[in-house]
Structure formats: C-alpha cells, structure tokens
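Chemist: Following this message is one structure expressed as structure tokens.
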Amino acid sequence: MARPPGPIDVQTHFLPGAMVEALAARAERPHIVDGEHGRMVEYGDGAAYPLLGEMVEIERKLEHMDRAGLAISVLSLNIPGLDGLGRADALAVARDVNDEFAALAKQHPDRLAALAALPMQDPEAAAAELERALGQGLRGAIMYSNAGGRSLDEPEFRSVFDAAAELDAPMLLHPTYPLSAPSLRAHALVPVLGFLFDTTTATMRLILDGLFQRHPDFKLILGHVGSVIPYIVGRIDYESSRIPGGLGSLDGLPGEHIRKLYVDTVSAWPPALSLVIDLLGADRVLYATDHPFWDPARTADAMAAVELSEEDRAAIERGNAERLLGLGG
C-alpha cells in the first residue's frame with residue numbers, strides 16, 4: 001500500500017505476540033489478568049491498562065492510521081517493556097519482539113517502522129541486542145524512565161548509551177511505573193503526574209551525569225513534550241548553579257544540554273507545544289500521538305492551534321522523523 005501524505009507518528013505502541021505470551025505466562029506482575037472489563041496488562045501496584053485490539057492486531061493499527069491520516073507509525077513496546085522479567089527471559093523475549101517488529105516493518109514498508117526493545121537487566125546484552133536489531137532494520141530503541149526501579153545513570157548502564165552513540169541510534173525515553181508510585185496511588189496520579197516526574201528525573205540525571213558531554217550528538221527523544229523540563233529550565237539553571245554539587249559533572253549550565261534534547265508532540269494543550277518549540281526549535285520536535293493510550297485527535301487539534309510556518313510544520317510532522325530515524329523522504 002502506498003504511503004499517504006500525513007504525519008509520521010514516532011510514539012505509538014504495540015505488543016507483539018512474543019510479549020503477550022510472556023506476560024500471559026506470568027503469575028506475578030507484570031502480567032496479563034482477566035479484569036471486570038476484559039484482559040488487562042497489570043504492571044504495578046494499582047497500575048494496569050486494557051489489552052486493546054489496536055495493541056495486538058496490526059490490521060487494526062493500520063486501520064487507525066488511515067482514520068487518523070497518519071503516513072507512518074514507528075511502533076514501540078508498551079510499558080513496562082521487558083522490566084520484571086528475569087535476565088534470560090528478557091533477552092529471549094527482546095529478540096523475539098524485535099524480530100516481530102522487523103517483520104511487520106518489512107511487510108508494510110510504506111506504513112510501519114519500529115524501535116527496539118532492550119533487556120536492560122543485562123546492559124551488555126542490551127547493547128548487543130541494539131546493534132542486532134538495527135541490523136534487522138529497526139530505527140532506534142525505546143528506553144523507560146527507570147530500569148526495573150533502577151536509575152538510568154547508574155554506571156552499569158553506560159554501555160547501552162555508549163553503544164547507542166556509536167551506532168547513532170535514536171533513543172525514545174518513555175515513562176514507566178514511576179519510582180514515586182507509592183505517593184501517587186490516589187486519583188490516578190501515576191499516569192497524570194508520576195509518568196512526567198519520572199521521565200523528568202531520569203532525563204536530568206542523565207544530563208547531569210554528563211551524557212551529552214560524553215556524546216554531544218546523542219539522539220535522545222523525550223516523550224510528552226519534554227515532560228516537566230521545558231517549564232522549569234530557568235529554575236534548573238539557577239538552582240543547579242547555586243547549590244554545591246548541583247551541576248553534577250557539568251562544566252556549564254544544564255540548560256545548554258537540555259537544548260540538545262528532542263521531544264515529541266504528545267500534548268492536549270497548544271501552549272505546551274508552543275513553549276517547547278520556542279525552547280528547542282522546530283527542528284527538535286517530532287509528531288506523535290501515544291496511540292492507543294491517547295486519542296490521536298488530541299495531538300492533531302493541539303498542533304492545528306499552534307502558529308507555525310509551513311516549513312516548521314512540515315519539519316515537525318514529517319521532516320524531523322525522516323532525518324532522525326532515516327525513514328526517507
């Protein structure tokens with residue numbers, strides 16, 4: 001099928017069969033359970049989502065894309081990814097998931113691409129799997145805001161970031177069950193606030209640990225219009241520079257490194273999009289919907305309300321993803 005004109009969606013989620021089978025076979029979280037309204041993926045205490053058809057049936061995903069006017073979907077693994085699996089299981093499932101993603105992209109080359117899932121339980125294996133998955137045609141990888149409760153800036157994980165930098169592989173940093181979850185169980189605050197807090201914390205720890213000093217051109221895509229970071233850059237620079245140890249390993253202000261981030265457009269609020277475009281520039285913003293967790297119309301409506309030049313809108317909707325993920329014109 002020829003690719004229709006329209007945006008490229010860089011954050012849209014899918015559960016390949018290997019992942020569904022692995023979760024269904026587990027008695028402990030993360031696992032698939034039968035809920036009042038059907039099958040649920042339970043990934044944390046009080047945290048679950050319905051196993052929707054669009055997550056597991058690629059034809060339904062493609063039908064959604066047609067309805068939403070999307071040219072290409074860059075598939076990535078739903079949370080919690082491979083977290084919670086044992087090391088051996090995580091590596092085996094990662095290979096199967098990535099092979100399924102590669103096969104889907106080959107079956108629908110004009111409509112689908114994908115990001116690799118990484119077994120972060122074993123960083124050296126994760127680095128090797130990233131290289132293997134890229135060789136299979138995947139366009140980068142998804143990482144989560146913590147690795148099974150561990151911070152991404154722990155020294156053990158540097159090998160994964162080093163490999164991504166050497167391979168010039170874009171990495172989408174996506175929230176998962178947050179470290180602050182015990183204080184957020186009321187009122188659905190885990191997804192409302194916890195996801196953003198966890199992604200913000202993970203990103204700042206990576207920056208202050210010197211990710212961009214070691215790898216100035218690292219392609220880190222931060223989900224959900226940069227989470228909380230764009231709104232507090234001034235505070236980050238001021239507080240970090242006045243408090244001993246606040247700059248971490250940096251020689252300059254964190255804001256200089258923050259401006260190296262890429263972000264997506266998952267937002268229902270046009271002012272948030274306008275702010276992040278002003279902060280980073282239109283060349284570092286990529287269109288995304290967070291389907292099937294969000295209604296793609298929310299992104300489309302928010303983008304339509306933002307004043308942009310024709311050139312900048314085309315870059316955000318298509319050009320930046322084509323350049324960053326090597327999707328072609």
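Chemist: Going residue by residue through segment 262-276, is there one that turns out to be assigned to a helix (DSSP H, G or I) and acidic (Asp, Glu)?
Modeler: No, that holds for no residue.
Chemist: Name the residues in segment 56-85 that are in a loop (DSSP other than H, G, I, E, B) and at negative phi, would you?
Modeler: Hits for segment 56-85 are Glu57, Leu70, Ala71, Asn78, Ile79, Pro80, Leu82, Asp83, Leu85.
Chemist: Test Gly226 against the stated conditions and say whether it is under 22 Å from the mean Cα position of the chain (by Cα), among the small types (Gly, Ala, Ser), modelled with pLDDT of 95 or more and at positive phi.
Modeler: yes
Chemist: Return the pairs, sorted by first residue and then second, in which the second residue is open to solvent by 50 Å² or more (accessible area, probe 1.4 Å) and assigned to a loop (DSSP other than H, G, I, E, B), the first residue lies in segment 232-261 and is of a type in the set (Gly, Ala, Ser), the beta carbons are less than 9 Å apart, and the residues are 6+ apart or on different chains.
Modeler: Ser240/Gly248; Ser240/Leu253; Ser241/Leu253
Chemist: Residue check: is Ala102 touching a residue at least 24 places away in the same chain (Cβ under 8 Å), more than 18 Å from Asp295 (Cβ to Cβ) and surrounded by 14 or more Cβ atoms within 10 Å (Cβ to Cβ)? If you could, list the steps in order and put the result at the bottom.
Modeler: Numbers: touching a residue at least 24 places away in the same chain (Cβ under 8 Å): yes; more than 18 Å from Asp295 (Cβ to Cβ): yes; surrounded by 14 or more Cβ atoms within 10 Å (Cβ to Cβ): yes.
It is true that Ala102 is touching a residue at least 24 places away in the same chain (Cβ under 8 Å), more than 18 Å from Asp295 (Cβ to Cβ) and surrounded by 14 or more Cβ atoms within 10 Å (Cβ to Cβ).
Chemist: Inside segment 181-212, can you point out the residues that are in a loop (DSSP other than H, G, I, E, B) and open to solvent by less than 10 Å² (accessible area, probe 1.4 Å)? Even if it seems obvious, please write down each step before you answer.
Modeler: Keep residues of segment 181-212 that are in a loop (DSSP other than H, G, I, E, B), which gives 184-185, 209-210.
Hit for segment 181-212 is Gly210, nothing else.
Chemist: Can you find a residue that is assigned to a loop (DSSP other than H, G, I, E, B) and surrounded by fewer than 24 Cβ atoms within 10 Å (Cβ to Cβ) anywhere in segment 111-118?
Modeler: Within segment 111-118, the first condition is being assigned to a loop (DSSP other than H, G, I, E, B), and the residues that meet it are 111, 115, 117-118.
Those still in the list that are surrounded by fewer than 24 Cβ atoms within 10 Å (Cβ to Cβ) too: 111.
Yes, there is a match, as at least one residue in segment 111-118 is assigned to a loop (DSSP other than H, G, I, E, B) and surrounded by fewer than 24 Cβ atoms within 10 Å (Cβ to Cβ).
Chemist: Is it the case that segment 306-328 has a residue that's hydrophobic (A, V, I, L, M, F, W, C), over 16 Å from Gly6 (Cβ atoms) and in contact with a helix residue (DSSP H, G or I) (Cβ under 6 Å, 6 or more places away or on another chain)?
Modeler: There is at least one residue in segment 306-328 that is hydrophobic (A, V, I, L, M, F, W, C), over 16 Å from Gly6 (Cβ atoms) and in contact with a helix residue (DSSP H, G or I) (Cβ under 6 Å, 6 or more places away or on another chain).
Chemist: Among the residues of segment 119-130, is there at least one that is touching a His at 6+ places or on another chain (Cβ under 8 Å) and of a type outside the set (Phe, Trp, Tyr)?
Modeler: So far as segment 119-130 goes, no, none of its residues is touching a His at 6+ places or on another chain (Cβ under 8 Å) and of a type outside the set (Phe, Trp, Tyr).
The values are calculated or read from the model by the stated rules, or taken from the named source; none is laboratory data. Remember, it's a predicted structure, so these values are computed and weren't measured experimentally. Cβ atoms come from the backbone with ideal geometry, glycine included; neighbour counts cover every protein chain shown. Ligands, DNA and RNA are excluded from the accessible area calculation, which covers all protein heavy atoms including side chains. Shrake-Rupley method; radii C 1.70, N 1.55, O 1.52, S 1.80 Å.
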